[in-house]
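A short worksheet on the structure shown next.
The values are calculated or read from the model by the stated rules, or taken from the named source; none is laboratory data. Because the structure is predicted, anything quoted here is derived from the model rather than measured. The accessibility values were calculated without ligands, DNA or RNA, using every heavy atom of the protein model including side chains. Shrake-Rupley method; radii C 1.70, N 1.55, O 1.52, S 1.80 Å.
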Amino acid sequence: MTIAAGKLRHRVTIQQEVETQNPNTGAVSVSWVTYADRWAEYVAQSVREFIAASAVQSEVKGRFTVRADEGIKASMRVIHRGNAFAILGVMPDPDSGLEYMTLAVSEGVVIV
């Protein structure tokens, strides 16, 4: 089964975390750099609101579907419409595993 190009209508940026060390101070800084820009399908699956520390917070869970790319890992994140989504898992398509992949994502505060 292939995914129709028309479903991939959201432009997203996949970012990876990079650590750099300052040669003068030895301090390590962490930043996010662009791995790739991709067309994707986005589906929000649930929203959970809760009260913690007297503040209302929310967590959005959903999924992005993108064309297969072996370089995309769960340690990366997806930027969509200015929002950062942590990748919770990367699942290949169930048929060949080569056509597309589904990225399970979470945005907001994650309480386990």
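Residues whose amide H falls under 5 Å from that of residue 105, counting only those 5 or more places apart or on a different chain, are 62, 63, 64, 88, with hydrogens built in the peptide plane. When 18, 30, 66 are compared by accessible area of protein heavy atoms, the largest-first order is 30, 18, 66, using a 1.4 Å probe. Residues 95, 37 ordered from highest to lowest accessible area at a 1.4 Å probe: 95, 37.
Taking amide H as placed 1.01 Å from N in the peptide plane, residue 68 has its amide H under 5 Å from the amide H of 100, 101, each at least 5 places away in sequence or on another chain. Residue 8 sits with roughly 20 Å² accessible to a 1.4 Å probe, with DNA, RNA and ligands left out of the calculation.
Here the gap between residue 69 and residue 25, fully extended at 0.36 nm per residue and compared with their Cα-Cα distance, gives a gain of 12.1 nm.
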